[in-house]
Amino acid sequence: MSKKQERKRLGDLLVEAGLITESQLAEALREKAPGQKLGDALLQRGYITEQQLIEALEFQLGIPHVSLYRYPIDPKATNLVPKEFARRHMVMPLKVEGDRLLVAMADPMDFFAIDDLRLSTGFQIETAIASKDDILRAINKYYDIDEAFEDFLQTPPPEVRDDERAAEDDSPIVRLVNQILQLAVEQRASDIHIDPQETKVLIRYRIDGLLRTERALPKHMQSMLTARIKILANMDITEHRVPQDGRIKMDIDFHPVDLRVSTLPTVYGEKIVMRVLDLGAALNDIHKLGFNPVNLDRFIRLIERPNGIVLITGPTGSGKSSTLYAALNHLNSEHVNIITIEDPVEYQIEGVNQIQVNPNVGLTFAQGLRSILRQDPNIIMVGEIRDRETAEVAIRASLTGHLVLSTLHTNDALSTITRLIDMGIEPFLVATSLAGVVSQRLVRRVCRDCQEVYEPTKRERDIFARRGIEVHQLVRGRGCPMCNMTGYRGRLAIHELLVVTDEMRRVILNNEPFSKLRELALQNKMIFLLDDGLLKVKQGLTTLEEVLKVAILH
């Protein structure tokens with residue numbers, strides 16, 4: 001059977017199963033990179049999930065699929081296959097039976113890898129299918145903890161200065177730190193917490209907004225762990241009493257990852273938090289941020305204005321910077337001069353001049369903004385408006401014919417207007433300069449592999465009915481190995497978008513009550529946070545409890 005027939009069959013199978021449409025199949029076949037497998041091309045476009053691909057392959061090839069979540073892996077099997085080979089070919093040895101070795105593979109059609117394995121181990125190879133994430137997790141779990149490492153975890157090592165040991169390349173501590181970082185990237189964690197406690201050190205990951213303990217390490221490893229991370233981040237190893245900040249740039253699994261590191265002295269030693277900025281997974285497409293079609297249209301019109309100030313609001317960690325960067329990416333062309341001032345610069349964008357705030361030399365947001373204005377910019381992005389001075393300069397810049405994008409910490413779009421006036425900005429300045437405000441939050445997305453439809457309860461129906469939406473069925477995740485039994489995988493944004501109209505300007509100028517603004521927003525058919533969230537629940541993207549965590553019922 002030629003490769004061609006086989007490839008066609010996978011596509012046809014997926015179409016027959018109703019997972020993709022003919023046009024999606026044609027597009028993936030047309031646009032995939034040379035040598036790329038059709039399955040991978042469909043995954044990349046998000047048309048199918050890995051679980052759906054595995055099930056289709058299982059049916060097509062007649063090879064069973066295994067979940068490695070709690071699989072009893074035989075150490076005899078892992079001894080036969082070196083770790084480098086396992087990682088390179090995405091293979092996880094499972095067990096030895098007589099003269100046969102059972103391995104899980106992400107791509108069971110990789111005949112070269114199977115031949116290599118047969119020759120190097122002398123066993124007949126039997127294959128099963130497992131997802132890439134599953135295999136990577138298993139490789140990390142079973143291969144990285146070797147014997148020397150186990151001894152090292154149990155017994156404190158002889159006295160050597162921590163910083164000397166932390167700098168040796170092959171020392172167990174170096175491997176441990178690499179493993180912690182690698183696992184974080186694989187599990188799509190946004191932050192890594194290293195929490196010192198009285199008798200142990202906890203390693204915790206924040207995944208989809210929730211913190212979860214990954215493992216506990218013995219207390220005697222704390223100083224070496226801290227020293228190693230400080231060496232990587234170019235911090236002062238000898239200073240333990242004051243907070244420090246640093247950055248680590250490294251390649252993990254062949255793609256660049258940027259880590260922002262911050263240490264804080266606590267009673268039990270230094271707590272370290274690392275923010276993981278996965279440069280490969282940065283969202284730069286404005287159409288992929290999950291905007292409601294009405295809001296998307298309004299947002300693009302807002303940021304394509306020649307002047308005015310557009311604010312994005314929400315609490316810390318609500319994806320404001322992603323939205324800002326996506327907006328800059330949309331506007332980025334050779335005909336405009338875009339300058340940003342940020343603290344710190346998170347993602348570097350080609351063709352944009354980015355400035356890093358440095359208070360030690362007097363380069364604050366306000367000071368940097370004044371200098372930017374002499375640089376003939378068209379579009380200015382201010383990382384955050386923290387004080388009255390920055391707000392005033394930003395507003396004046398937007399009045400002199402520049403488009404200014406920035407973020408502010410407020411709870412919803414309408415209260416941003418009162419917040420600016422409370423900061424001491426004159427109402428006439430707010431009224432004339434403010435073009436629009438986007439308020440956003442992140443909610444967890446229902447896992448596509450274990451989602452199930454259910455009948456909404458009376459309370460759920462009432463909440464929807466109160467906002468004038470009718471629902472007959474909702475979706476929730478059962479929990480599966482792919483989403484670590486949480487029922488959620490990944491996040492999406494919900495938004496509310498306020499476009500400031502002339503009537504609103506009049507209300508702001510005359511200092512009329514806040515409720516008047518709300519009425520005008522309703523007349524303008526503004527979609528509030530709660531409504532956008534409920535619409536996304538109705539589409540089956542998230543659940544009601546996720547939306548109610550971030551949006552207030554009113």
Reported set for the stretch 176-191 where residues are assigned to a strand (DSSP E or B) and closer than 16 Å to R247 by Cα is S190, D191
Do we have P344 as modelled with pLDDT under 90, within 24 Å of L289 (Cα to Cα) and out of contact with any His (no Cβ under 7 Å at 6 or more places or on another chain) here?
yes
Among the residues of the stretch 294-313, the number that are assigned to a loop (DSSP other than H, G, I, E, B) and of a type in the set (D, E, K, R) is 2
Residue hits (the stretch 50-98; in contact with a strand residue (DSSP E or B) (Cβ under 6 Å, 6 or more places away or on another chain), among the charged types (D, E, K, R) and open to solvent by 40 Å² or more (accessible area, probe 1.4 Å)) are E58, K76, K95
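Report yes if R478 is of a type in the set (K, R), within 27 Å of L210 (Cβ to Cβ) and over 31 Å from the mean Cα position of the chain (by Cα), otherwise no.
Working: of a type in the set (K, R): yes; within 27 Å of L210 (Cβ to Cβ): yes; over 31 Å from the mean Cα position of the chain (by Cα): no.
No, not satisfied.
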With criteria (1) in the same structural domain as L429 (by the TED database); (2) open to solvent by less than 10 Å² (accessible area, probe 1.4 Å), F464 comes up short on (1)
Cβ pairs under 7 Å, 6+ apart or interchain, first in the stretch 384-412 and farther than 30 Å from L553 by Cβ and in contact (Cβ under 8 Å) with a residue 12 or more places away in the chain, second open to solvent by 40 Å² or more (accessible area, probe 1.4 Å) and among the basic types (K, R), ordered by first then second residue, are V393/R370; L403/R305
Restricted to the stretch 218-234 and to residues being free of Cβ contacts under 8 Å to residues at least 40 places away in the same chain and surrounded by fewer than 19 Cβ atoms within 10 Å (Cβ to Cβ), the residue nearest to P172 (Cα to Cα) is K219
The one condition E126 fails out of (1) at pLDDT 90 or above; (2) open to solvent by 70 Å² or more (accessible area, probe 1.4 Å); (3) farther than 17 Å from P64 by Cα is (3)
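So, R459, is that one of a type in the set (K, R), outside any loop (DSSP other than H, G, I, E, B) and in contact (Cβ under 8 Å) with a residue 24 or more places away in the chain or not? Spell out how you get there, then give the answer.
Working: of a type in the set (K, R): yes; outside any loop (DSSP other than H, G, I, E, B): yes; in contact (Cβ under 8 Å) with a residue 24 or more places away in the chain: no.
It is false that R459 is of a type in the set (K, R), outside any loop (DSSP other than H, G, I, E, B) and in contact (Cβ under 8 Å) with a residue 24 or more places away in the chain.
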For the stretch 482-527 the number of residues that are in a loop (DSSP other than H, G, I, E, B) and more than 36 Å from the chain's Cα centre (by Cα) is 4
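Kindly evaluate I207 against the criterion of being at pLDDT 95 or above and either under 25 Å from the mean Cα position of the chain (by Cα) or on the phi > 0 side of the Ramachandran plot (or both).
Working: at pLDDT 95 or above: no; either under 25 Å from the mean Cα position of the chain (by Cα) or on the phi > 0 side of the Ramachandran plot (or both): yes.
The answer is no for I207.
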Picked from the stretch 314-328 (must be in a loop (DSSP other than H, G, I, E, B) and either without any contact (Cβ under 8 Å) to a residue 40 or more places away in the chain or over 12 Å from the mean Cα position of the chain (by Cα) (or both)), the residue surrounded by the most Cβ atoms within 10 Å (Cβ to Cβ) is G314
Test: M250 is assigned to a strand (DSSP E or B), of a type outside the set (S, T, N, Q) and open to solvent by less than 50 Å² (accessible area, probe 1.4 Å): yes
Subset of the stretch 259-274, residues farther than 21 Å from K200 by Cα and surrounded by fewer than 18 Cβ atoms within 10 Å (Cβ to Cβ), comes to R260
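The values are calculated or read from the model by the stated rules, or taken from the named source; none is laboratory data. Note that the structure is predicted; figures quoted are calculated from it, not measured. Here the Cβ is made from the backbone with ideal geometry for all residues, glycine too, and neighbour counts use every protein chain on show. With ligands, DNA and RNA removed, areas are computed over all heavy atoms of the protein, side chains included. Shrake-Rupley method; radii C 1.70, N 1.55, O 1.52, S 1.80 Å.
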